[in-house]
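Please treat every number below as a calculation from the coordinates, not as lab data. Keep in mind that what you see is a predicted model, and the values were worked out from it rather than measured. No Cβ is skipped: glycine too gets one built from the backbone with ideal geometry, and neighbour counts run over all protein chains shown.
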Amino acid sequence: MDQEKIGQIIRELRKKNHLTQAELASQLGVTYQAVSKWENGKNIPDIAIMKRIADLFDLDMNTILGDQKKKKENHKKYWIVLISSIIILLIIILLLFFLNKKETFEFKTLSSACNNFTISGSIAYNSQRSSIYISDINYCGEKDNTLYKNIECTLYEKTNNNERLIDEVTYRDTPSITLDEFLTTTQFHIDDYEKTCQNYEDNTLFLEIKATDENDKVTYYQIPLSLQDNCHNE
C-alpha cells in the first residue's frame, strides 16, 4: 500500500470535514501524533483503524486505500461536464431567441492554445454585439494534488499590448481545494459584450490562473485562447 497516498487521502478527508488532527485522533481513539504520522506518510493505520475512518466519513474502505478514488472522481466529472454542456446549450438557444429575433447569430469556437489545459468555449455574435461562453476548463498537465486556499481565474483581452479584464472567478474560502476541484465549477458567461466578432483575432483572449497554497506559495498559469477561423477574415 502507498503510505503517502493513504496519508494524503486521510488529510483531505479531515480538512473537508473541518477537523483538527487532535479532533480526528480523539474520535478514532489514537494520539494526534499518530494522525500526523499517517498524513506525512511515515506510517499507516492498521485495518481496524482504517475501518473506523471509513465509517466516520461514510466511505467505502477502498476509498481510504485509494483504489477507487480516481474512478469516482472521473465519474463525477463526467456528469458535471455533461450537465454544464447542456446548460450552456440552453443558454445559447435562449440567447438566440430573446436577444435579437430578427438577426441571426453565428458562432466561433474557442479552445485552449496551451498544452496543459483543455477548454470548451464559443463566441456568439452578430453585426452589433458578441457574447462569450467558456466552460469545462480542465488541467491536463502533471498531476497537481496541492491544496490551495486562494485561486483566481481571470479572463483578459489583449489589444495593442494593453490588457483588459473582462471577468473573473475566485475562490477564497475554507477548506482549501485542489486546482481540479476549482476548475470543475469555473465558467464564464459574458452577455452583450460590446465588441463584434470582426474585431477579434486569434489569441487576443486569454485566461490567467493565480493559485496560492497553504504556505503562501503562488503558482501562475496563462492560457491563450485560440479562435476557430478568425473573425476578421470574413
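Some observations on this one:
- Restricting the trypsin sites (Lys or Arg not before Pro) of region 123-175 to loop positions (DSSP other than H, G, I, E, B) with no more than 15 neighbouring Cβ atoms within 10 Å leaves Lys143.
- Once the chain from Ala113 to Ser26 is taken as fully extended at 0.36 nm per residue, the excess over their C-alpha distance is 26.3 nm.
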